[in-house]
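Here the structure is laid out as structure tokens; the discussion comes afterwards.
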Amino acid sequence: MSANDTPAARPQPTATYDSAFLRACRREPVPHTPVWFMRQAGRSLPEYRKVRQGIGMLDSCMRPDLVTEITLQPVRRHGVDAAIYFSDIVVPLKAIGLDLDIKPGVGPVVEQPVRTRADLARLPDLTPEDVSYVTEAIGLLTRELGPTPLIGFAGAPFTLASYLVEGGPSRTYENAKAMMYGDPELWADLLDRLADITAAFLKVQIEAGASAVQLFDSWAGALAPADYRRSVMPASAKVFDAVAGYGVPRIHFGVGTGELLKLMGEAGADVVGVDWRVPLDEAARRVGPGKALQGNLDPTVLFATTEAVEAKTREVLDAAAGLEGHVFNLGHGVMPSTDPDALTRLVEYVHTHTAR
């Protein structure tokens, strides 16, 4: 019996199993193209800003009542086909005791960057007890969501390592790449440790009731394919392999990853997320058979007229017409100043335009 072949890990029939979202992820026929949006939980919604008022981002992620409310808001408002768990990619790092914070207008900031082998000792294993609020929140959510699937998520090892080594957001990743090129053994050990932490975080979410998981490798587009294959892909593959036995769809997404799409699929994803730079028919050619695709309307299109949004949406749907499975999404996250009504109209348009 493998580590994943346990009663808890075997896929079980659920109320969400025949949802349009999960059927598309499994590349099965759907009644309509399912829609959800990255960063739909929060940012653009006035009701989100109201409940978050005066509460820090990380504090918000650790309050099951708040997480539940924020996760449900876009499902209520937009009628999306899946909810995504409200959290942040650095939550598991905070949970294991790292001194970090999410600063408004900046992003995650790490007090003591990870630069040496001794720093690895500051990255202990993640246990379910470290994130008990996640288990509680997902329990509350699945009861509320009923047949609507909940997507769990985590940051991929490379993106987490970039924040840890740089100490915060970066445009050039000079410190992370210096470690990757100059001390490949330390780099490999760091990503391997982060793969274990990430896998543990995803397992908590799946065992609590998440119907699918997405691994965000937000900054992988900064890498050449050869560097990705050699120095990043093994850690991502370890994460996907660790949760394979649960039988839930695994989605892999990065920004600016047009040159990496095939490799990101090979890392173990069932669904490959595509940003707006590569048309979905071309993305399908790059990824190869056996994978569903997710994407890929440019988020800035939502600031245009309704007619322009619908025209660009038809382009995406036309490019997806021959795909084995397609989940409609934006090519990146919802922008904070997006009109929520534009998102609601977009969901309705995709549902109506693709009704089988």
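Identify all lysines with a Cα-Cα distance to residue 312 below 27 Å; exclude those on the same chain that are fewer than 8 residues away in sequence. Candidates past the 8-residue exclusion: 262, 291.
As a ratio to 2.2 N^0.38 Å, the alpha-carbon radius of gyration computed for the stretch 267-332 takes the value 1.09.
Given a 1.4 angstrom probe, what's the average accessible area per residue across the chain, in square angstrom? Spell out each step's value before the answer.
Working: 14550 Å² over 356 residues.
Solvent-accessible surface per residue comes out at 41 Å².
Measuring r between the beta carbons of residue 308 and residue 282 and using R0 = 25 Å, the FRET efficiency lands at 0.65.
Semi-axes of the equivalent ellipsoid of the stretch 192-322: what are they in whole Å, largest first, if each equals the square root of 5 times a C-alpha gyration tensor eigenvalue?
Working: eigenvalues 149, 60, 37 Å².
That gives 27, 17, 14 Å for the three semi-axes.
Applying 1/(1 + (r/R0)^6) with R0 = 41 Å to the Cβ-Cβ distance of residue 348 and residue 63 gives a FRET efficiency near 0.80.
Each residue of the stretch 1-138 gets 175 Å³ once the volume of the Cα convex hull is shared out per residue. The amide H of residue 296, built 1.01 Å from its N in the peptide plane, has 329 as neighbours under 5 Å, considering only residues 5 or more places off or on other chains.
What fraction, in whole percent, of alpha-carbon pairs in the chain exceed 30 Å separation?
Roughly 33 percent, rounded to a whole number.
Largest first, how would 77, 277 line up by accessible area (1.4 Å probe)?
Working: 77 80, 277 130 Å².
Ranked list, largest accessible area first: 277, 77.
Report in % the part of the accessible area of the stretch 211-269 that belongs to carbon and sulfur, leaving out ligands and nucleic acids; probe 1.4 Å.
Numbers: 970 of 1740 Å².
Solvent-exposed carbon and sulfur of the stretch 211-269 make up 56 percent of the total.
The residue among 79, 219, 172 whose Cα reaches farthest toward the positive pole of the charge dipole of the chain, with charges on the beta-carbon of Lys, Arg, Asp and Glu, is 79. Listed by chain and number, the lysines whose alpha-carbon sits under 28 Å from that of residue 94, ignoring those within fewer than 8 places in the same chain, are 50, 103, 177, 203, 238. By a 1.4 Å probe calculation restricted to protein chains, residue 51 has an accessible surface near 50 Å², given to the nearest 10.
Compare 143, 286, 76 by solvent-accessible area with a 1.4 Å probe and give them largest first, with all protein chains kept in place. Mind dumping the intermediate values first?
Working: 143 175, 286 75, 76 145 Å².
The residues order as 143, 76, 286, largest area first.
Against the empirical 2.2 N^0.38 Å (N residues), the stretch 173-231 has a Cα radius of gyration ratio of 1.35. The alpha carbons of the stretch 95-139 stretch over 38, 30, 10 Å along the principal axes, in descending order. The stretch between residue 119 and residue 50, if pulled fully straight at 0.36 nm per residue, gains 21.0 nm over its current Cα-Cα span.
Equivalent-ellipsoid semi-axes for the stretch 106-237 (Cα gyration tensor, √(5λ), whole Å, largest first): 29, 16, 13.
With helices as the sole contributors, the chain gives -13000 deg cm²/dmol at 222 nm; each DSSP H run of n ≥ 4 counts as -39500 (n - 2.57), and the sum is divided by every residue. Here the Karplus relation 6.51 cos²θ - 1.76 cosθ + 1.60, evaluated at θ = phi - 60°, turns the backbone of the stretch 294-311 into coupling constants of 10, x, 7, 5, 4, x, 6, 4, 5, 8, 8, 5, 4, 5, 5, 4, 5, 5 Hz, with x for every Gly and Pro. Amide H contacts for residue 325 (H built 1.01 Å from N in the peptide plane; partners 5 or more residues away or on another chain; cut-off under 5 Å): 293.
The values are calculated or read from the model by the stated rules, or taken from the named source; none is laboratory data. Everything quoted here is computed from the prediction, not taken from an experiment. Every residue, glycine as well, gets a Cβ built from its backbone with ideal geometry; the counts of neighbours run over all protein chains shown. In case anyone asks, the SASA skips ligands and DNA or RNA and just uses the protein heavy atoms, side chains included. Shrake-Rupley method; radii C 1.70, N 1.55, O 1.52, S 1.80 Å.
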